[in-house]
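First up is the structure itself, then whatever we jot down about it.
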Amino acid sequence: MDEHVSERLTRLVAGHGLKRRNAADLDGVGSEPPGEADWLLLRSRLLSARLTGLAVAASAEGILSLTQSQEAELLEQQRTRMARVLVLERTLLTVTAELERAAIPVLALKGSSFAHTAYPDPSWRDFDDVDVLVPTNDFARAGRVLVEAGCNATTVAPRPGFVERFGKAGVFRKDVFEIDLHRTLMLGPYSIWVDAERLFAERSTFPLGGRIISCLSPEHRFIHACMHSILGANPPLLLPLRDAAEIERAGDIDMDALARDARAWRVESVIALAAQEVRERLDIEPGPILGAFDTVRPSRLERKAVRAYLEVGHSGGRTSSSMIRVLPGVRPKLAYLRAIVLPDEDFLVRHTGGSGSKWRGYARRWRQLFRTFRNRRRGV
Amino acid sequence: MSDRSRYARAPAVLWRRVGNEILVLAPEAPSPSSLSPAAAIVWDELETPSRLDEMTDSLASAFDRDPSDMRADLEGILRELERSGMVVVEESVEASGG
């Protein structure tokens, strides 16, 4: 089995249908069906990268050669994924209806909104949960609405009100599905820099299941996709990179509005990094919008913040220290620090293990924080 | 079935294409299901709402079939899709062919 074969085939699939750069390492890739061992690895990679729909399209167009049985397995995998996606879309309809009934403005994020607004065929965009954004002022009430609608809250905040002040989202479960209730797009400094009010003021919509669902504007969808791809994981995941390329291809972006918010929210370097990753990992020539950010010169603060997200194996601890740096005023910094250093017992139990006394829990927590801080200073 | 009726995909139905298959989830259905191959062809034809005679002509020509046979088959499929809530019928106020 050759891991490189399945890795290259996955990249070929991830860039399918977009303008290729024809990188030498993808020459001839996909012209012959993979052997059995490579196929098993490829199938697993496609599933975990949520690229089965693009693989079906690449196979139908002869870009990805498969044997008959491999093709049948791929279709079966895609059928299972899309059945799940349809039930998630029904969950999105229920969740948005419940929140709107409570007069809480709500925007659909990622998944269904990207599938229906950016991709030429929504079956190319797989997703695994429901993401919605509500205003910070309504966040706690929105959580109660979801619980009343039969969802279970699965996250515990370090202190009451922490997520509303400093966090990104609360996680809920309905049946076997996860619902992420966001109040902002990213954890850490970007939770402060991104103007969530503007996200609501410039919202867009798409039809789903006989209803009109609100979502981010094309410019904000593009920024979110770039942030998710670059700041969400290192190395970046292929699907969010594809999202950024697809949102640009959909052709609805107002460059002036994008440039204005990218500068104000300090995401120019994030978009530049997304352009670079689209080029290198998807083997796609970035479009003029992604490419326009190639030459940006980010500020020192922006560079430091982005680096905290990019550090290999980055954790909440690393974005936490950036967060302290960018929080405006002494009182918010102290409140944040207090929540991180002296969280509630429920949080301690969840995050450091349930055994021993409260003070043992704190000791474990402080050791974790110390290790993170020390590694950061050493540049580990 | 009236020639003036216009058939359309029910807006509340969620769906995805999987290869040549159409996977659908109607509002009251417990779980997604696949349309039959013939119903999937009709579903594709309903990308824009259409009258029975328009679909008959289009599909009879595409599949090189006798229009009256095609019409009979289509009526059966549309009736089934309508019964299961996948398709809605809009009574057209325009005169047929107008």
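The values are calculated or read from the model by the stated rules, or taken from the named source; none is laboratory data. Predicted model, so just to flag it, every value in this text is computed and none were measured. Positions of Cβ are backbone-derived with ideal geometry, glycine not excepted, and every protein chain shown enters the neighbour counts.
Being within 14 Å of chain A (Cβ to nearest Cβ), under 12 Å from the mean Cα position of the chain (by Cα), in a strand (DSSP E or B) and not charged (D, E, K, R) is a property that B:A8 has. Could you check A:T91 against (1) under 26 Å from A:P34 (Cβ atoms); (2) in a helix (DSSP H, G or I); (3) hydroxyl-bearing (S, T, Y) and say which number it fails? A:T91 satisfies every listed condition except (1). With respect to A:V85, is the statement that it is within 21 Å of the chain's Cα centre (by Cα), away from chain B (no Cβ under 14 Å) and buried (at least 18 other Cβ atoms within 10 Å of the Cβ) true? So A:V85 does not fit the description; no. State whether one or more residues within region A:44-63 are out of contact with any helix residue (DSSP H, G or I) (no Cβ under 7 Å at 6 or more places or on another chain), over 20 Å from A:L238 (Cβ atoms) and not in a loop (DSSP other than H, G, I, E, B). The answer is no, given that none of the residues of region A:44-63 is out of contact with any helix residue (DSSP H, G or I) (no Cβ under 7 Å at 6 or more places or on another chain), over 20 Å from A:L238 (Cβ atoms) and not in a loop (DSSP other than H, G, I, E, B).
Do we have A:V95 as more than 20 Å from A:A14 (Cα to Cα), facing chain B (nearest Cβ under 10 Å), among the aliphatic types (A, V, I, L, M) and touching a residue at least 60 places away in the same chain (Cβ under 8 Å) here? Spell out the reasoning first.
On the way: more than 20 Å from A:A14 (Cα to Cα): yes; facing chain B (nearest Cβ under 10 Å): no; among the aliphatic types (A, V, I, L, M): yes; touching a residue at least 60 places away in the same chain (Cβ under 8 Å): yes.
It is false that A:V95 is more than 20 Å from A:A14 (Cα to Cα), facing chain B (nearest Cβ under 10 Å), among the aliphatic types (A, V, I, L, M) and touching a residue at least 60 places away in the same chain (Cβ under 8 Å).
Does any residue of region A:237-245 turn out to be within 21 Å of A:R300 (Cα to Cα), crowded, with 21+ Cβ neighbours inside 10 Å and not small (G, A, S)? No, region A:237-245 contains no residue that is within 21 Å of A:R300 (Cα to Cα), crowded, with 21+ Cβ neighbours inside 10 Å and not small (G, A, S). Count of region B:22-45 residues, restricted to those that are away from chain A (no Cβ under 11 Å), surrounded by 17 or more Cβ atoms within 10 Å (Cβ to Cβ) and among the aliphatic types (A, V, I, L, M), is 5. Listed conditions (1) within 14 Å of chain B (Cβ to nearest Cβ); (2) surrounded by fewer than 19 Cβ atoms within 10 Å (Cβ to Cβ) are all met by A:G35, apart from (1). Screening A:T80 on (1) surrounded by 20 or more Cβ atoms within 10 Å (Cβ to Cβ); (2) of a type in the set (V, I, T); (3) free of Cβ contacts under 8 Å to residues at least 40 places away in the same chain shows it passes everything except condition (1). A:L208 is checked against (1) within 14 Å of chain B (Cβ to nearest Cβ); (2) within 30 Å of A:E345 (Cβ to Cβ); (3) of a type in the set (A, V, I, L, M, F, W, C); (4) buried (at least 20 other Cβ atoms within 10 Å of the Cβ) and fails just one. What number does that condition carry? Checking A:L208 against (1) within 14 Å of chain B (Cβ to nearest Cβ); (2) within 30 Å of A:E345 (Cβ to Cβ); (3) of a type in the set (A, V, I, L, M, F, W, C); (4) buried (at least 20 other Cβ atoms within 10 Å of the Cβ), the one that fails is (2). Quick one: is A:T117 within 14 Å of chain B (Cβ to nearest Cβ), modelled with pLDDT of 95 or more and surrounded by fewer than 24 Cβ atoms within 10 Å (Cβ to Cβ)? Answer is no for this residue.
Which condition number does A:E164 fail, the rest of (1) touching a residue at least 12 places away in the same chain (Cβ under 8 Å); (2) part of a helix (DSSP H, G or I); (3) within 14 Å of chain B (Cβ to nearest Cβ) being met? So the condition that A:E164 fails would be (3). Here the condition is being at pLDDT below 95 and not acidic (D, E); of A:P240, A:P207, A:P235, it holds for A:P235 alone.
So, A:S191, is that one of a type in the set (S, T, N, Q), touching a residue at least 12 places away in the same chain (Cβ under 8 Å) and either touching a Phe, Trp or Tyr at 6+ places or on another chain (Cβ under 8 Å) or buried (at least 21 other Cβ atoms within 10 Å of the Cβ) (or both) or not? Yes.
Restricting attention to region A:196-226, which residues are assigned to a loop (DSSP other than H, G, I, E, B) and over 21 Å from A:I289 (Cα atoms)? Walk me through it before giving the result.
Let us first name the residues in region A:196-226 that are assigned to a loop (DSSP other than H, G, I, E, B), namely A:202-203, A:209-210, A:216-217.
Listed by number, the residues that qualify are A:G209, A:G210.
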